[in-house]
Amino acid sequence: MSVSNCRKDEAMQTFVTRQEIILWRAQQRTAQKQIGFVPTMGALHPGHLSLVEQACRENDVVLISIFVNPKQFNQNADLQSYPRMLSADLALLQHLPNLVIFAPNENEMYPADLPFAPMPLGKIGQLLEGAHRPGHFEGVVHVVHHLFALVQPQKAYFGQKDFQQLAIIRLLNNFYSFGIDIIGCETIRESDGLAMSSRNLRLTHAQRKNAVSISRALQLVKANVGKISLEEAKIAASAIIEQAGLEIDYLEIVDPITLENCTEWQQMQVCCVAAFCGEVRLIDNMLCESVL
Ligand code: AMP
């Protein structure tokens with residue numbers, strides 16, 4: 001089914017309660033519609049839209065959740081300053097067919113009587129973002145668990161921009177036996193290479209220019225796999241970011257499956273970076289294949 005073939009004559013529905021979703025889901029099931037699901041925190045940009053458009057192509061109906069999840073923020077200041085722009089988000093989605101929005105408040109997302117048994121995050125959850133943002137993935141798992149249980153989609157779409165999150169969502173899907181098809185989608189970038197992110201909205205003009213150093217550093221690693229040592233690549237990549245005035249939280253070259261540090265080049269690795277551009281913490285990553 002192509003997007004252009006979808007019906008455009010129905011107004012987009014925006015739900016705010018769990019009960020509305022339960023009813024909607026039952027209607028879709030009766031009509032034998034396949035549900036695609038895209039969880040977001042809003043402040044939508046073309047990266048989000050690429051997930052939504054893919055979901056529209058691959059499903060009969062698509063639900064997008066927009067919820068800034070307090071449980072996954074380990075810094076209150078970051079939570080407070082996270083951009084919120086629901087009306088603009090809805091306007092961006094208006095042209096897409098067969099789409100419904102779920103934009104609950106916190107009480108609706110986390111009713112006091114809703115049970116939740118946390119899953120062990122294992123080693124993957126302790127590395128990279130897990131080590132630098134305590135409680136972050138616990139919060140992600142909590143919200144995605146509740147959303148998967150509520151929406152019960154056939155397919156759910158996540159960006160590779162959050163590479164470690166995607167790995168953890170796959171674990172979650174297995175751990176709780178949701179049986180959802182988890183689709184990883186490529187990172188959408190600005191024309192200069194900066195990975196699109198809702199947090200980019202908080203960058204000043206000068207910071208925005210400097211932020212491109214992150215993707216330049218990743219490109220350097222990608223271009224040098226097998227040509228210089230892995231340590232040399234890390235040092236050169238770090239220098240690009242630091243010379244642009246950013247503060248590196250971590251820059252690691254890791255195995256794409258275990259996310260453990262590589263000590264030598266292998267067939268496939270992923271370079272993962274988190275860096276502060278002023279107050280704004282940006283993350284990005286790039287898969288780097290050995291061409292030897
Ligand atoms: P967020 O609103 O930041 O929680 O992101 C919602 C979803 O969009 C997550 O699965 C992200 O990985 C994905 N996403 C965010 N930025 C991008 C991007 N630049 N390209 C592709 N997917 C993205």
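Of note:
- Net lengthening on full extension, Leu287/Leu23 (0.36 nm per residue, minus Cα-Cα): 90.9 nm
- Summarising the strand pairing of the chain, around 50 percent of its internal DSSP beta bridges are antiparallel.
- Cα principal axis extents for the chain, largest first, Å: 58, 40, 39
- For the range 55-133, fraction of C-alpha pairs farther apart than 21 Å, in %: 52 percent
- Exposure proxy for Met109, Met85: other Cβ atoms within 10 Å of each Cβ, ordered fewest to most, give Met85, Met109.
- Largest-first ellipsoid semi-axes for the range 198-289, taking √(5λ) over the Cα gyration tensor eigenvalues, angstrom: 24, 13, 10
- Ascending count of other beta-carbon atoms within 10 Å, so fewest first, for Leu259, Leu51: Leu259, Leu51
- Cβ-Cβ FRET estimate between Ala223 and Glu247, R0 fixed at 35 Å, reported to 0.05: 0.90
- Residues of type lysines that Lys161 reaches as a straight line, Cα spacing below 23 Å, ignoring anything fewer than 8 places off in the same chain: Lys71, Lys123, Lys209, Lys222, Lys234
- The ranking of Cys271, Cys56, Cys262 by Cβ neighbour count inside 10 Å, starting from the fewest, reads Cys262, Cys56, Cys271.
Coordinate-derived values only; no laboratory data. Predicted, not measured: the structure shown is a model, and the values here were computed from it. Every residue, glycine as well, gets a Cβ built from its backbone with ideal geometry; the counts of neighbours run over all protein chains shown.
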